[in-house]
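The structure appears right after this line, and notes come after that.
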Amino acid sequence: MTGSIAAIGMGLAVIGAGIGLASIGGKAMEAIARQPEAVGDIRSNMILVAALIEGAALIAIVFAFLVK
Amino acid sequence: MCLLALNLSAQHNHDGHDHDGHDHSGHSHDDHGHSHDTHHTLGCGLHSAHGGEFDPGATAFHHIADANIYSIGPFGIPLPCIPFVPGEGFDFFLSSKFHYDGHGTGSNAYNRFVLDGGTMKRITDESFPDGLVEGVEVGHDDEGHTAVCYNNKLYPVDKKSTADGGIFGGGITSWYDFSMTKNVMSMIIVFLIFFFIFRAIAKRYKQRPDKAPSGIQGLIEPIFVFIQDEVAKPFLGKHYLKYLPFLMSLFFFILGLNLWGQIPFLGGSNVTGNLAFTAVLAIFAFFVVNLSGNKHYWEHIFNMPGVPGWVKIILTPVEALGLFIKPITLALRLFANITAGHMVIIIFVSFIFIFGNNGASKVGAYGAALPTVLLTMFMMAIELLVAFIQAFVFTILTTSYLSAAIDEGHEHEGAH
């Protein structure tokens, strides 16, 4: 088994992004269930915030590539 | 089902590049399950890039890379190669000069350029003759570097020319590649498709302004109105018309290229999964946002109002860095999402070769074909969704940065 420690860093970054996305997804579902008429606004805001979280994870992944 | 799987596998091996070392004439789908042991060693101790052990990682990277050949099905269409060598100037020729095989590996050298797996590379050794040289063997040495064998002499080859300074592979090279590659052709094709679609739609709106949309109008109008009403208007308010052309161009160009890259057997171009391309889009977004920035925007970055002085020392560098981090993440997000999607599909298809023991086990290959088809179909459906979401995300984020830049700062005036 070979590999670099950067791979562990990538994994950790993905865990963080996963927790973040899960939290947004869960809250958005909850919000939609409470207020189904606001589904459009909630969805586009959810995608916006999900994209921002993804950005943080991507920076970590790219740094993991760079230091490899 | 299996036939579909084998077709898919041929498709994801980019149309005639197969990695288990068998021939590439049109019928190649039918013999994936057969035993093949044609791994041949080239002269000078070089190894063929496409024989021996199957390496899913290398296969995936090869297939998402740009190429100097546009392969449609089993046909490799040559593209113009325009290398620039400092001191020697520009060169112009078609990649058919290299006389490439189904792998995109050329058996000719031209002006010291060779074709390795679809990518043009340059022989660094100056003793290699200029002009057209036939009977050249391009392969990899024991350390995996590309090298050329000609007249039983080994010539080292320069790295692939890239514009990123060698950060993401490649490196600083002795030459620069300005070729019309597969990605460039895809961009031109998608541009032309959208040009004619939008011309036709614009004409129809003029001819029958008050009628219900028909034909292609009905496909584009809801998407256009969605971006206009859900993205541009809420974020930009009364300024939205000024930025609408930019935002729409971004959205439709990214969407078109995302979808174009997913059409099987059409070259499998990976334009939006190319960091150079997404970086250029992000640079456009960076300039549009920052050149539109008003006083309030710059004040919030360099001299945040209502914040004590010692916090400003920390906040100003962070905000200034944020100026650059925003476009960087824009570029990376699109690049990583599209690339990851393509790579996952290629890895799924690789299961056929892994379980088939690289052609040795027919049972393994056919057994893996069914789950591979299902997984690949599932993944392609996800990618279809991602194509829309990423185009939307790029546009909405650019719009939100823009809205921060042109915000008049009303709520702020109230606070004072």
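The values are calculated or read from the model by the stated rules, or taken from the named source; none is laboratory data. What you see is a predicted model; the values in this text were computed from it and never measured. Counting neighbours? That spans all protein chains shown, and the Cβs are built from the backbone with ideal geometry, glycine included. Note: accessible area is taken over every heavy atom of the protein model, side chains too, but ligands, DNA and RNA are not part of it. Shrake-Rupley method; radii C 1.70, N 1.55, O 1.52, S 1.80 Å.
Some points to look at:
- Of the helices (runs of 4 or more DSSP H) contained entirely in the range B:228-312, those carrying at least 3 residues that are away from every other protein chain (no Cβ under 14 Å) fall at B:240-260, B:275-292, B:295-302.
- If only residues of the range B:194-208 that are open to solvent by less than 90 Å² (accessible area, probe 1.4 Å) and over 12 Å from residue B:221 (Cβ atoms) are counted, the one that is modelled with the highest pLDDT is B:194.
- Against the numbered list (1) under 30 Å from residue B:56 (Cβ atoms); (2) buried (at least 18 other Cβ atoms within 10 Å of the Cβ); (3) of a type in the set (D, E, K, R), residue B:326 comes up short only at (1).
- Extreme residue, modelled with the lowest pLDDT, among residues of the range A:18-62 that are within 11 Å of chain B (Cβ to nearest Cβ) and over 19 Å from residue B:400 (Cα atoms): A:62
- Of the residues making up the range B:397-409, those that are more than 12 Å from chain A (Cβ to nearest Cβ) and assigned to a helix (DSSP H, G or I) number 4.
- Within the range B:256-285, the set of residues being open to solvent by less than 10 Å² (accessible area, probe 1.4 Å) and within 13 Å of residue B:394 (Cα to Cα) comprises B:258, B:272, B:278, B:282, B:285.
- Unique residue being assigned to a helix (DSSP H, G or I), in contact (Cβ under 8 Å) with a residue 40 or more places away in the chain, surrounded by 19 or more Cβ atoms within 10 Å (Cβ to Cβ) and not hydroxyl-bearing (Ser, Thr, Tyr) when the list is B:394, B:348, B:388: B:394
- A single member of B:202, B:232 is in contact (Cβ under 8 Å) with a residue 24 or more places away in the chain and of a type in the set (Gly, Ala, Ser), and it is B:232.
- Considering A:53, A:47, A:61, A:42, the condition of being within 21 Å of residue B:388 (Cα to Cα), in contact (Cβ under 8 Å) with a residue 24 or more places away in the chain and assigned to a helix (DSSP H, G or I) is satisfied by A:53 alone.
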